[in-house]
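Take a look at the structure set out below.
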Amino acid sequence: MNVVLKIASLLLSYPTQELKEAAPAIRAALAGAAPDARVRGRLERLADDIARLDLYDAQERYVHLFDRTRSLSLHLFEHVHGEGRDRGQAMVDLMEMYEKAGFEIDARELPDYLPLFLEFLSMLPPAEARDLLGQTAHIVSALKERLRKRKSVYAGAFAAVEALAHGRPDGALLRTLLDAPEDDPDDLEALDRLWQEEAVTFGGNAGDNACGPDRLRTRLRAASRDAGRDAAPQTEPPAA
């Protein structure tokens, strides 16, 4: 499982010439590390697809999907915390989890970036990795469904990641995410408005002293419930 998570991390990262050239090596590694034929096939298809494309085209597709389409963002907390203060504290908690495990990250990347999170999971015992991945299953599942609607080959990679998680995604949390409006990556004016928001800051009030896997689970679930309440129609108070 650890090798499969590492490969998924690579394939969901920004395409490079090295990644294109690594397709045969990725196939060989999956042959020995992914006993589930469906998981193996989905990741192989993405590796082969990236390899066959011109590098510029592969990179342009990636940016169009994951950088210009906020509803497909690869930053996990983007989907449950947006750009608010709670996201900053959630990332502090995630960073603490990385540090306790001895996992060092590049300061240029936010800790909730999915390829980075998958790389971290690839270092853990399989049972622990499955449990942590299961806590984000509703986000991975929502991204998979949105990519399927676009008939994107990347949907298969998200299906493969979903299959590695412990348990099934929470149906209510998944519906909350899928009910959120999707933005148009070609509407540049709307895109500018979306990103003109408060910058993420690391810190703020934690609310309690817990951290680690249980804190991650609590924040992911609570944020999704809050989003569902905010989206619910407001009823008028009874007349006096």
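The values are calculated or read from the model by the stated rules, or taken from the named source; none is laboratory data. Small disclaimer: the values here were computed from a predicted structure and weren't measured. Cβ sites come from the backbone with ideal geometry, for glycine too, and all protein chains shown count toward neighbours.
Only residues that are among the aliphatic types (A, V, I, L, M) and either surrounded by fewer than 15 Cβ atoms within 10 Å (Cβ to Cβ) or closer than 17 Å to residue 38 by Cα (or both): list them for the stretch 163-177, please.
163, 164, 165, 172
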Hey, does the stretch 23-35 have a residue that's crowded, with 18+ Cβ neighbours inside 10 Å, outside any helix (DSSP H, G or I) and either at pLDDT below 85 or charged (D, E, K, R) (or both)?
yes
Which one is farthest from residue 126 (Cα to Cα) among residues in the stretch 4-22 that are among the small types (Gly, Ala, Ser) and surrounded by fewer than 20 Cβ atoms within 10 Å (Cβ to Cβ)?
22
Which of the residues that make up the stretch 141-176 are among the small types (Gly, Ala, Ser) and within 23 Å of residue 4 (Cα to Cα)?
141, 142, 152, 155, 156, 157, 159, 160, 163, 165, 167
The listed residue being within 18 Å of the chain's Cα centre (by Cα), basic (Lys, Arg) and modelled with pLDDT of 90 or more, out of 148, 108
148
Among the residues of the stretch 39-63, what is the count of those that are acidic (Asp, Glu), in a helix (DSSP H, G or I) and closer than 19 Å to residue 26 by Cα?
3
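Counting residues that are closer than 19 Å to residue 66 by Cα and free of Cβ contacts under 8 Å to residues at least 24 places away in the same chain, which helices (runs of 4 or more DSSP H) fully inside the stretch 115-180 reach at least 3? Can you show your working first?
Numbers: elements: 126-135, 137-149, 154-164, 171-179.
Per the criteria, 137-149.
Filtering the stretch 60-105 down to residues that are of a type in the set (Val, Ile, Thr) and crowded, with 19+ Cβ neighbours inside 10 Å, which residue is modelled with the highest pLDDT? Spell out the reasoning first.
Residues of the stretch 60-105 of a type in the set (Val, Ile, Thr): 63, 69, 80, 92, 105.
Now narrow it down to the ones that are crowded, with 19+ Cβ neighbours inside 10 Å: 69, 80.
Working: 69: 86, 80: 74.
The selected residue is 69.
Name the residues in the stretch 28-70 that are of a type in the set (S, T, N, Q) and within 20 Å of residue 142 (Cβ to Cβ), would you? Steps first, answer last, please.
Of the residues in the stretch 28-70, the ones of a type in the set (S, T, N, Q) are 59, 69.
Listed by number, the list holds a single entry, 69.
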Could we say that residue 47 is loosely packed, with under 14 Cβ neighbours inside 10 Å and either out of contact with any strand residue (DSSP E or B) (no Cβ under 7 Å at 6 or more places or on another chain) or modelled with pLDDT under 95 (or both) here?
no
Are there any pairs, at least 6 apart or on different chains, whose C-beta atoms fall under 8 Å, with the first in the stretch 57-78 and at negative phi and of a type in the set (Gly, Ala, Ser) and the second part of a helix (DSSP H, G or I) and surrounded by fewer than 18 Cβ atoms within 10 Å (Cβ to Cβ), and if so, which?
58/20
Residue check: is residue 28 farther than 13 Å from residue 158 by Cα, over 22 Å from the mean Cα position of the chain (by Cα) and in contact (Cβ under 8 Å) with a residue 24 or more places away in the chain?
no
